[in-house]
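Okay, so here's the structure we're looking at.
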Amino acid sequence: MALTAAPDMGKIFTPLMHEHDYVIDEVEGEVPSGLTGTLYRVGPGKWEVGRTLMHHLFDGDGMVSQFVFDGRSVRFRNRYVRTSQFRDGMVAGHARKPGVGTPLPGGFWANYAKSKGPANAANTGIAVHADRLLALWEGGPPHRLDPDTLETLGIENFGGRLKGMLKAFSAHPKWDPATGEMFNFGQEFAPLPSLNCWKVDRRGRMQRLARVRMLDMPWNHDVALTSEHMVFVLDPYMFDLRTMLKGGPIFEAIRHRPEKGTRFVLVPRNGGPARIVEHETLVHLHVANAFEDGPDTVVDLVLFDDFAAIRRDLTEFRTRFPALPASRLMRYRITPSGRVIETQLADLPGEFPQFDWRRSTRPHRYTYMAGRTGPSGQYNSLLKVDNDTGHTQIHEVGPNTYVGEPIFVPRTPDAAEDDGWLLSVMYLAAEHRSQLAILDARGMDGVATLQLKHHIPFGFHGTFTSRVADPGAPIPHPDRLPLR
């Protein structure tokens with residue numbers, strides 16, 4: 001009997017060269033009538049800037065996907081963010097600026113001195129705040145989009161607050177549900193390395209809460225929020241200046257320096273100096289929730305076993321499907337004396353931790369993740385961890401499927417924690433297309449599956465808003481992507 005070859009999971013990185021707009025008509029199960037609003041997802045949609053091939057997962061052109069739930073149907077639309085990099089690919093036919101992992105020829109002068117740093121790809125995070133839809137990236141300001149049509153409106157600099165060296169507004173903002181405020185940070189590497197901590201009020205007005213200076217500041221991806229602090233977990237991902245001066249890509253210049261240890265940095269929301277607590281070296285990318293528990297500050301995160309494997313997966317995505325190393329959900333309790341108490345919440349490998357955002361800054365019982373039941377391979381399951389009991393519920397999709405980050409949507413505004421739905425975009429390698437899965441979060445049972453007519457390339461993060469977008473007239477489906 002002839003053996004059938006396994007579907008190629010790597011086809012998830014095939015570029016999507018059309019911008020679609022249609023009502024999803026292939027639905028298994030029934031979309032809950034009470035599920036209304038808009039799901040936004042963002043990630044790289046193509047890793048070619050004209051004739052320039054991008055060699056790092058973070059370098060692809062940002063593409064936003066929109067799922068509109070109006071109570072009767074679900075409409076899908078995708079559009080590329082019209083960044084400078086996107087326009088360079090369409091007009092010049094090649095990249096004019098380096099990516100974080102894709103250098104230009106010409107050494108330091110071409111990559112950093114002349115270009116003033118890597119291109120803002122607007123491909124990592126997506127946020128809705130103060131009636132603004134923002135496509136976020138690590139090292140620069142957000143791009144503002146129309147929440148209905150996804151048209152790119154331009155750079156959002158918050159009234160000029162993000163300018164010069166202070167332009168970074170990272171990809172993982174956090175919200176205080178009690179105040180409606182959004183908190184985020186940006187890393188500043190010159191003239192003095194600093195963490196700039198930002199607060200944006202419910203009307204969209206920004207102020208800087210603090211500037212934390214540290215000469216040996218590492219690269220950092222995420223931040224957590226409590227009612228009292230912004231909480232940073234700074235692992236020793238240090239920059240090697242010699243690599244950068246030779247014109248190498250920024251990501252290749254990052255060196256893991258375990259001898260330096262991890263630092264918990266607690267920045268007071270109401271002013272005052274930051275508190276820095278030293279700890280043994282950790283390896284992580286994303287945090288979940290954080291909260292104050294009496295005199296202690298508590299933060300949850302996904303701990304990895306190996307930094308080198310993460311780095312390899314991000315740069316070898318064209319030749320091998322990323323299979324992130326073993327990981328586990330952990331809790332860290334920081335006491336007033338500086339003691340850090342570590343507790344394992346779950347042992348199954350997972351990533352992209354999510355929770356009921358209404359519990360942000362407060363204790364939460366459940367954490368949802370994309371995960372797997374085996375030690376290796378792609379994420380093919382959704383996990384729900386009971387942080388109180390340690391029990392993990394599993395919704396396993398099966399082989400040849402990649403499961404994306406789950407977003408929790410409460411059934412009603414005042415529903416209990418965990419009373420709602422999980423939304424996850426999944427890639428079906430055998431069919432080379434994607435689907436949106438809706439699960440009942442309480443039992444982790446499938447409710448409905450919406451099959452798209454095409455695939456969505458490998459993506460990162462999403463958000464849900466109860467506002468029902470009105471996309472208006474359909475956009476054309478040209479053979480070549482338009483600039484506007």
(request) Considering every residue within the stretch 318-325, establish whether at least one is in contact with a helix residue (DSSP H, G or I) (Cβ under 8 Å, 6 or more places away or on another chain), in a loop (DSSP other than H, G, I, E, B) and closer than 30 Å to Gly71 by Cα. (result) no
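Could you say whether any residue in the stretch 27-36 is acidic (Asp, Glu) and touching a residue at least 40 places away in the same chain (Cβ under 8 Å)? Step through it out loud before you land on a result.
As a first pass, look at the stretch 27-36 and keep what is acidic (Asp, Glu): 28, 30.
Pick out the ones that are also touching a residue at least 40 places away in the same chain (Cβ under 8 Å) and you get 28, 30.
Scanning the stretch 27-36, I find at least one residue that is acidic (Asp, Glu) and touching a residue at least 40 places away in the same chain (Cβ under 8 Å), so the answer is yes.
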(request) For the stretch 264-277, name all the residues that are in contact (Cβ under 8 Å) with a residue 12 or more places away in the chain, surrounded by fewer than 16 Cβ atoms within 10 Å (Cβ to Cβ) and outside any strand (DSSP E or B). (result) Asn270, Gly271
(request) Run Gln378 past the list (1) polar (S, T, N, Q); (2) modelled with pLDDT of 95 or more; (3) surrounded by 19 or more Cβ atoms within 10 Å (Cβ to Cβ) and report the number of the one that doesn't hold. (result) (2)
(message) Can you pull out every residue in the stretch 212-237 that is under 21 Å from the mean Cα position of the chain (by Cα) and not in a loop (DSSP other than H, G, I, E, B)?
(response) Ala224, Leu225, Thr226, Met230, Val231, Phe232, Val233, Leu234, Tyr237
(request) Can you give me the number of residues within the stretch 166-183 that are at pLDDT below 95 and either surrounded by fewer than 17 Cβ atoms within 10 Å (Cβ to Cβ) or in a helix (DSSP H, G or I) (or both)? (result) 1
(request) Considering (1) over 14 Å from the mean Cα position of the chain (by Cα); (2) of a type outside the set (Val, Ile, Thr); (3) under 28 Å from Ala437 (Cα atoms), say which one Gln85 fails and leave the rest. (result) (3)
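Please find, within the stretch 237-255, the residue that is nearest to His221 (Cα to Cα) out of those that are touching an Asp or Glu at 6+ places or on another chain (Cβ under 8 Å) and crowded, with 18+ Cβ neighbours inside 10 Å. Before the answer, list the steps.
Our first condition is that a residue be touching an Asp or Glu at 6+ places or on another chain (Cβ under 8 Å); within the stretch 237-255, this holds for 238, 243, 253-255.
Still in the list and also crowded, with 18+ Cβ neighbours inside 10 Å: 253-254.
On the way: Ala253: 16, Ile254: 13 Å.
Ranking the qualifying residues of the stretch 237-255, first place goes to Ile254.
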(request) Filter the stretch 410-438 down to residues that are over 22 Å from the mean Cα position of the chain (by Cα) and of a type in the set (Ser, Thr, Tyr), then give me how many there are. (result) 1
(request) Note down all Cβ pairs under 7 Å where the first residue falls in the stretch 249-263 and is small (Gly, Ala, Ser), the second is part of a helix (DSSP H, G or I), and they're at least six residues apart or on different chains. (result) Ala253/Thr243; Ala253/Met244
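The values are calculated or read from the model by the stated rules, or taken from the named source; none is laboratory data. Everything quoted here is computed from the prediction, not taken from an experiment. Reconstructed Cβ throughout: ideal geometry from the backbone, glycine too, with neighbour counts over all protein chains shown.
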